[in-house]
Amino acid sequence: MFKLGLIINPIAGIGGSVALKGSDGEGLAEQALSLGAKAKANERAQLALEILKPYAAQIHIYTASGPMGEDTAKSLGFNVSVVHHLGMPESGGKQISSAKDTENTVQALLDEGIDLLLFAGGDGTARNVCNKVSDQFPVLGIPAGCKIHSGVYAVTPKAAGRVVELMVTNQLVTLTDADVMDIDESLFRDGIVKAKRYGEMQVPSELRYVQAVKSGGKESDELVLQDIAADVINQMEEQLFIIGSGSTTAFLMEELAINNTLLGVDVIQEQQLIMNDATEPQLWQLIESSNQPVKLVITLIGGQGHIFGRGNQQLSPRIINKIGKDNIIIIATKTKLMALNARPLIVDTGDSETDKMLSGFMTVTTGYNDQVLYPVASPQ
């Protein structure tokens, strides 16, 4: 089941039609409504979600109450869970969400373990999301504001739906970093455009081969493996790196000029070997005594897709949980992933709770600064 987080800023862009140049600022939404403006963010979100209707049985939407997502998602027949409730409007008034509602919803969605956060709004909404989301968590914006300077939005609402469709159908989706930008609306209303960068977020885009390719569109395996190795090596600092088994991880060790255990697990620190062919108790002792996060680098078994439970039983459930999902680095070429024919990566740790924790979508490093989201599942 694909866990889709949904946030709709129902007042996004509401000031555009009545020449208020946006909706940010105290009292702006109320002023726009008094001038006859119509909120259209839910209509924009509906265009994106309609693309996903054929996959409704495969998607569970987590969202906020009423106009922040619940109403639109339910009207289209999706399974919906509400994680944040808007306060009741004053008598005779309209229910208007705030930046705090957006941020609280983002946090609640992250706590639910969603696979992707889809939000409808403008640059102000993107800023609110960015305040709560790590730059390593995938988000995608549905354009619904007056101004869209940020790179986290799809070009159209339907385009946003198409990108999510790729993810739901287990196709490779490249992750890219995109800037969150916004302008000073008070200056903008005086005719002054002053943009500012507020951060960046990770967004899924359609698959692009950014690695070196041969004339037939095939990846050059050695060049791609070099790029993958360079990306991982670039992350190596003082903490421990546990290197799992497999030919792809072996190439990484070769690039470091370190003898590795092809069918075992090695440990390096500051790009130096500190333990060869480690056992589960040895790994546990190392992790327990470490005063900083430990990284785990693994790859998949070609043709099968297993990342845990085949050839790396040293990586036990207690070790995996101690390391944490966010500290697991999966490396593989796109060619190797595509050979799975959209089948998910398999986790079979022997512990159902650990398998459940790992299931969903995980980032796979497929080149230098090139990552894709790929589904992970436990055996049925």
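The values are calculated or read from the model by the stated rules, or taken from the named source; none is laboratory data. Keep in mind it's a predicted model, so treat the numbers as computed, not measured. Methodologically, a virtual Cβ is constructed for each residue, glycine included, from the backbone with ideal geometry; neighbour enumeration extends over all protein chains shown.
Just one of the listed residues (LYS21, LYS53, LYS74, LYS3) is at pLDDT below 80 and basic (Lys, Arg), and it is LYS21.
Scanning segment 295-302 finds one or more residues that are assigned to a loop (DSSP other than H, G, I, E, B), among the polar types (S, T, N, Q), surrounded by 15 or more Cβ atoms within 10 Å (Cβ to Cβ) and at pLDDT 90 or above. For beta carbons closer than 8 Å, sequence separation of 6+ or different chains, a first residue in segment 268-292 that is closer than 23 Å to ALA257 by Cα and a second that is of a type in the set (D, E, K, R) and not in a strand (DSSP E or B), the qualifying pairs are GLN269/GLU238; GLU270/GLU237; GLU270/GLU238. Does ASN312 fit the bill of being crowded, with 17+ Cβ neighbours inside 10 Å, over 26 Å from GLN58 (Cβ atoms), modelled with pLDDT under 90 and out of contact with any helix residue (DSSP H, G or I) (no Cβ under 7 Å at 6 or more places or on another chain)? Against the criterion (crowded, with 17+ Cβ neighbours inside 10 Å, over 26 Å from GLN58 (Cβ atoms), modelled with pLDDT under 90 and out of contact with any helix residue (DSSP H, G or I) (no Cβ under 7 Å at 6 or more places or on another chain)), ASN312 qualifies.
Among the residues in segment 317-326, are any under 24 Å from the mean Cα position of the chain (by Cα), acidic (Asp, Glu) and assigned to a loop (DSSP other than H, G, I, E, B)? Checking segment 317-326: not a single residue is under 24 Å from the mean Cα position of the chain (by Cα), acidic (Asp, Glu) and assigned to a loop (DSSP other than H, G, I, E, B). Say we look at segment 330-353 and pick out the residues that are surrounded by 21 or more Cβ atoms within 10 Å (Cβ to Cβ), closer than 23 Å to TRP284 by Cβ and in contact with a helix residue (DSSP H, G or I) (Cβ under 7 Å, 6 or more places away or on another chain); which of these is modelled with the lowest pLDDT? Only one residue fits best here, namely THR349.
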